[in-house]
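Student: Below you will find the structure I want to go over with you.
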Amino acid sequence: MNLDWEMIIKMCGALLCGLLIGIDRQLKQKPLGVKTSMVICIASCLVTIVSIEAFNKFAGPEHPNMDPMRLAAQIVSGIGFLGAGVILRRNNDAISGLTSAAMIWAASGLGIAIGAGFYIEAAVAVVLLILAVNFVPFIIKLLGPVRLNKRDILIKIVLDHDGDMTEVIRKIEHTHFISEQDVQREHRIRRLRIKDLENGRQQVSMVLTIPEREYTTKVYYFIRKLEHVHSVEVEQL
């Protein structure tokens, strides 16, 4: 039996594409790692090769309706289960893992492309994917509008029974933690929840949008020093 060098090249190319995507995700400590992305790429490439070769081997008058990409089409549908597995919804309703889920889907697409023999297209796609998840966001933060340079934090505050809740919220929303003169750094409360606790205390939970440059610790220490604040918890989303 002779070795099919083209098939080996395709599988090695799929491994390389999966490796690049996996390294990018693992460097950022995301759910999708090197091993997972390589397995997805190689398996997608293999199924695509089998689908095409099966068409070449078995197609004929007895099988007029054979589709050479039928198995490859099932990869796109089936990979959704893996993507859903890395999407996390935490108790604060924050959703994470969407980029990793998209990269899983992209890895399967790269494997299909390489398996079908579209090497240049797959190479270009890998480069664009790496640029899209690394360099483009950096450029947007550097040159884009202020609204794109913000992030959300979750704040939970416990107030004493005689505390002025409205005043505390007003100070958090209108205080600039970097520069008081920077009018572009207004904070915005996206979600607010108020809950009564024992001993007459109240708990205020809010999602606050702050500039990217502002440290979460600055927010914590500022709120901790406010009058009538019994305790504070700040979480970066």
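Student: Only residues that are over 13 Å from V168 (Cα atoms) and either surrounded by 17 or more Cβ atoms within 10 Å (Cβ to Cβ) or modelled with pLDDT of 85 or more (or both): list them for region 198-208, please.
Tutor: If the condition is that a residue be over 13 Å from V168 (Cα atoms) and either surrounded by 17 or more Cβ atoms within 10 Å (Cβ to Cβ) or modelled with pLDDT of 85 or more (or both), then R201, V207, L208 are the ones that fit.
Student: So is I120 touching a strand residue (DSSP E or B) at 6+ places or on another chain (Cβ under 9 Å) and either assigned to a strand (DSSP E or B) or at pLDDT 80 or above (or both) or not?
Tutor: Against the criterion (touching a strand residue (DSSP E or B) at 6+ places or on another chain (Cβ under 9 Å) and either assigned to a strand (DSSP E or B) or at pLDDT 80 or above (or both)), I120 does not qualify.
Student: Just to be sure I understand, how many residues within region 203-228 are in contact with a helix residue (DSSP H, G or I) (Cβ under 6 Å, 6 or more places away or on another chain) and in a strand (DSSP E or B)?
Tutor: Selection size over region 203-228: 0.
Student: From the list I140, I153, pick out the single residue that is touching a Leu at 6+ places or on another chain (Cβ under 7 Å), aliphatic (A, V, I, L, M) and at pLDDT below 80.
Tutor: Exactly one residue qualifies, and that residue is I140.
Student: Okay, next question. Looking only at residues that are more than 30 Å from L154 (Cα to Cα) and of a type in the set (F, W, Y) in region 39-97, which one is modelled with the highest pLDDT?
Tutor: Filtering region 39-97 for residues that are more than 30 Å from L154 (Cα to Cα) and of a type in the set (F, W, Y), the one modelled with the highest pLDDT comes out as F55.
The values are calculated or read from the model by the stated rules, or taken from the named source; none is laboratory data. Keep in mind that what you see is a predicted model, and the values were worked out from it rather than measured. Counting neighbours? That spans all protein chains shown, and the Cβs are built from the backbone with ideal geometry, glycine included.
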